[in-house]
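Trainee: Would you mind keeping the following structure in view while I ask a few things?
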Amino acid sequence: MTKASQKFCMGMAAVVAAVVLVAGSLRPAEAQPQLPDSAAGREYVGNSQCKMCHNNDAEGGQFGKWQGMHHAKALETLKSDAAKSVAEGVGLTKPPHEAPECLKCHVTGYDAATASAPSKIKLTEGVQCESCHGPMSEHLKDAKTLKFKPAAIADIDILAHMVVPDEATCRGCHNDSSPTWKADRYTLDSGETTGFDYAQAWAKIAHDYPEGVLEEKYDGQYPVD
Ligand code: HEC
Ligand code: HEC
Ligand code: HEC
Ligand code: HEC
């Protein structure tokens, strides 16, 4: 058994234990993760759109890294036996992969109130890029210009049309309204435990540009590093 799958199985055992503890504590479907207001007016394009430009290993290979994250499997997880028992534990009658109460955190942009996802979002892709970076329709326009003319960076505010994710973005889903929340999932240096620790969680999903790549590509004009 690989280290990862061993960890996964231990996780599953813990879920079954957690069901007993949190049964009945699920909050109403309508209380759902929110992106900042700055995302208003932009549309979700789906992560197949990101793949074409952010899948180059020399530039951080973000798409490939995402595919290896738990986030990419978030819908699949809802089809597991563990998920079914979690759902039964909180009194759901629908299968979890069809229940708005679960999909709102396990799928990008899912609106529990209308029980639907944005049209370009495939449920099977789970928690995609835009769950954290926000709806990206406007970024695609900036990006197409830059792709053919890197010097245009001088006139483009690259961060203007995206959410810059931070700890609060994560906590929109990583919080105690998740039925498998474990208050002691992470151990801090001090020995204290916590349900979510940004530094450790980010380290597990990090997908930065390698040092110096953007400086070189944009001849020192890229505004952020
Ligand atoms: C046509 C190509 C293209 C597409 C499609 C595209 N991007 Fe980008 N993106 C770029 C370019 C070019 C930059 C500027 C930096 C660079 O050269 O990688 C960038 C920068 C970014 C940044 C970094 C901002 C920073 O902190 O510096 C993020 C985040 C990002 N894109 C996310 C996405 C996501 C998510 C998608 C899919 C919805 C996407 N991009 C689709 C080309 C693209
Ligand atoms: C839209 C909801 C959502 C957002 C936002 C989100 N996550 Fe997650 N995250 C999930 C779900 C759902 C899972 C479980 C996926 C699975 O195992 O199928 C998960 C799992 C994880 C895991 C693996 C489990 C663990 O705790 O070790 C890590 C690490 C993680 N997320 C880090 C982050 C970080 C860091 C951020 C913010 C930058 C973040 N997540 C933002 C929903 C989200
Ligand atoms: C508030 C957001 C949220 C909701 C609602 C939610 N989940 Fe999750 N789920 C997560 C996150 C985040 C994780 C990753 C574990 C972590 O770090 O807390 C996760 C992980 C899981 C896991 C993997 C076990 C684990 O502990 O990693 C299962 C199974 C699961 N969820 C089932 C469900 C089911 C079934 C529902 C609906 C009844 C549901 N979830 C609703 C956020 C949510
Ligand atoms: C769970 C949340 C989450 C998901 C999913 C996610 N990202 Fe990110 N991403 C982040 C965070 C947090 C950062 C770091 C932001 C910062 O501090 O600069 C980041 C940074 C980036 C950067 C800039 C790296 C740098 O060095 O500045 C790019 C490009 C990027 N992400 C693209 C993507 C693409 C493409 C996808 C999907 C294939 C994706 N991300 C999925 C949270 C996420």
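Trainee: Taking SER85 as meeting all but one of (1) in contact (Cβ under 8 Å) with a residue 60 or more places away in the chain; (2) within 13 Å of ligand 2 (Cβ to nearest atom); (3) in a helix (DSSP H, G or I); (4) touching a helix residue (DSSP H, G or I) at 6+ places or on another chain (Cβ under 6 Å), write down the number of the exception.
Mentor: Unmet condition: (2).
Trainee: Just to check your reading of the model, which residue among GLY195, GLY126 is at positive phi and not hydrophobic (A, V, I, L, M, F, W, C)?
Mentor: GLY126
Trainee: Only one of (1) over 30 Å from GLU88 (Cα atoms); (2) within 12 Å of ligand 2 (Cβ to nearest atom); (3) modelled with pLDDT of 95 or more is not met by VAL163, so which one is it?
Mentor: Every condition holds for VAL163 apart from (3).
Trainee: Sticking with this one: Got a number for residues in region 156-177 being among the polar types (S, T, N, Q) and in contact with a Leu (Cβ under 9 Å, 6 or more places away or on another chain)?
Mentor: The qualifying residues number 2.
Trainee: Those residues that are among the hydrophobic types (A, V, I, L, M, F, W, C), buried (at least 18 other Cβ atoms within 10 Å of the Cβ) and more than 16 Å from ligand 3 (Cβ to nearest atom), I need them from region 113-145; list them, please. First the steps, then the outcome.
Mentor: Here is the first cut: in region 113-145, the residues among the hydrophobic types (A, V, I, L, M, F, W, C) are 113, 115, 117, 121, 123, 127, 129, 132, 136, 140, 143.
Still in the list and also buried (at least 18 other Cβ atoms within 10 Å of the Cβ): 117, 121, 127, 129, 132, 136, 143.
ILE121, CYS129, MET136, ALA143 - these are the residues of region 113-145 that are among the hydrophobic types (A, V, I, L, M, F, W, C), buried (at least 18 other Cβ atoms within 10 Å of the Cβ) and more than 16 Å from ligand 3 (Cβ to nearest atom).
Trainee: In region 171-208, how many residues are surrounded by 13 or more Cβ atoms within 10 Å (Cβ to Cβ) and assigned to a helix (DSSP H, G or I)?
Mentor: Total meeting the criteria: 6.
Okay, residues lined up against (1) over 30 Å from LYS84 (Cβ atoms); (2) more than 11 Å from ligand 3 (Cβ to nearest atom); (3) of a type outside the set (A, V, I, L, M, F, W, C):
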| position | (1), (2), (3) |
| --- | --- |
| ASP176 | no, no, yes |
| PHE196 | no, no, no |
| ASP208 | yes, yes, yes |
| GLU211 | yes, yes, yes |
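Trainee: Follow-up question, since we're still on this one. Among THR124, THR193, which is the only one that is among the hydroxyl-bearing types (Ser, Thr, Tyr), under 23 Å from the mean Cα position of the chain (by Cα), farther than 18 Å from HIS70 by Cα and at pLDDT 95 or above?
Mentor: Going through THR124, THR193 in turn, the sole match is THR193.
Trainee: Take the conditions part of a helix (DSSP H, G or I) and away from ligand 1 (no atom under 11 Å from the Cβ) and apply them to ALA168. Does it pass?
Mentor: When the stated conditions are applied, ALA168 passes them.
The values are calculated or read from the model by the stated rules, or taken from the named source; none is laboratory data. Computed from a predicted model, the values in this text were never measured in an experiment. When we count neighbours, we look across all protein chains shown, and the Cβ atoms used for this are built from the backbone with ideal geometry, even at glycine.
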